[in-house]
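One structure below.
The values are calculated or read from the model by the stated rules, or taken from the named source; none is laboratory data. Remember, it's a predicted structure, so these values are computed and weren't measured experimentally. Here Cβ is always computed from backbone atoms with ideal geometry, including for glycine, and neighbour counts include all displayed protein chains. These accessible areas exclude ligands, DNA and RNA; they are computed on the full protein's heavy atoms, side chains included. Shrake-Rupley method; radii C 1.70, N 1.55, O 1.52, S 1.80 Å.
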Amino acid sequence: MTQVAGPLSDELVRAAEDLEGRHPHDVVEWTLRRFGRERSVVVTGLQADGVAVADMAIAIEPAVRVVTIDTGRLPAATYEYIDMLRDHFGRGIEVVHPDAAMLGEYTTANGLNGFYTSLQLRLDCCHIRKVEPLERVLGGVDAWMTGLRRTQSERRGVTPVVEHDLAHGGVAKVNPVATWTEAQVREHLAQRGVPVHPLYAKGYTSIGCDPCTRAVQPGEDERAGRWWWESGIDKECGIHGRPQEATEGDA
């Protein structure tokens, strides 16, 4: 965790230490108690990890805010899954959209699929469709909960349970399932009877926008299906930090 002087930063450093190894439910409960339901939000891309966090939060505070971002290019199965979750939880899932003017300017200049042509255009597309909508959401809260796990990728291997998110205005960023494996997440959802995204059954292990996601092959990294045409760079969109190019020793 980046340490920055200030009471909140010091508190979050202590919380990360205290909550390390605790059950994710305890981490979610701490977040809602410390920041309150009105100033906390679960943000999920509707993958198993984030849905598990949402399930825990709803069990504690049924009216907790749960947000997902509709980039405008999601698979049809994702829209179907939103309705499945609405039915399961018996409540709404807040859907946030990109800024229409920003998106129109981008597609006019670069085409609908310009993201295939360069890394910068891909990052620009992710920023407009994902990062900027998230920034609007986080502008009204003090804490957000994610589905980040350390075993999702090498870069995410150092994810703290709690951190000071200076990239998003200094809010608290809480990663309740950081210490869990994929198997533990799936076991939780199965025990709770929570449906999972239909694309998992078709070989997908990480699910994002339709043109930027594919199923993975046996032995491939969990996030290998994201931006599958790129190599030598982190499989990240910018929500959890700008992708870093691999060094020669990492390649």
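Distance from the Cα centre of the stretch 121-177 to that of the stretch 179-208, in angstrom? Answer, in whole Å: 20. In Å², what does the accessible area per residue of the stretch 119-202 work out to with a 1.4 Å probe? Value for the stretch 119-202: 39 Å² per residue.
Restricting to bridges with both residues inside the chain, how much of the DSSP beta-bridge set is antiparallel, in percent to the nearest 5? The answer is about 35 percent antiparallel.
Just to be sure I understand: with springs between alpha-carbon atoms less than 10 Å apart, which residue in 170, 225, 50 has the highest mean-square fluctuation in the Gaussian network model of the chain? Result for the chain, Cα springs under 10 Å: 170 fluctuates most. The GNM of the chain, with springs linking C-alpha atoms under 10 angstrom apart, assigns the highest mean-square fluctuation among 92, 111, 21 to 111. Cβ under 15 Å from residue 112's Cβ, residue 112 left aside: what net charge do those residues give with Lys, Arg +1 and Asp, Glu -1? After counting each charged neighbour, the total is 0.
Accessible area of the chain with a 1.4 Å probe: how many percent of it is carbon plus sulfur?
Working: 5730 of 11570 Å².
Ligands and nucleic acids excluded, carbon and sulfur give 50 percent.
With R₀ set to 30 Å, the beta-carbon distance separating residue 88 from residue 214 gives a calculated FRET efficiency near 0.65.
Mean separation of Cα pairs under 8 Å and 6 or more residues apart, divided by the residue count, gives the chain a relative contact order of 22 percent.
Scan the stretch 125-174 for GluC sites (Glu not before Pro) in coil per DSSP, keeping those whose Cβ has at most 15 other Cβ atoms within 10 Å, and list them by number. If you can, show how the numbers build up before the last one.
Working: sites: 135, 154, 163; in loops: 154.
Answer by residue number: 154.
Looking at the square roots a ≥ b ≥ c of the eigenvalues of the Cα gyration tensor of the stretch 1-125, which shape do they give, rounded for a/c under 1.5, prolate if a/b is larger than b/c, or oblate? Numbers along the way, then the final one.
Values: a/c = 2.51, a/b = 1.45, b/c = 1.74.
Oblate.
For residue 145, the residues 5 or more places off, or on other chains, whose built amide H falls under 5 Å of its own are 41, 42, 43, 174. The 3J(HN,Hα) values that the Karplus relation (6.51, -1.76, 1.60; θ = phi - 60°) gives for the stretch 214-229 are, in residue order, 9, 5, 9, 9, x, x, 6, 4, 4, 9, 5, x, 8, 6, 4, 7 Hz. Gly and Pro appear as x. Electrostatic tally near residue 28: other residues with Cβ closer than 14 Å to its Cβ, Lys and Arg +1, Asp and Glu -1, net +2.
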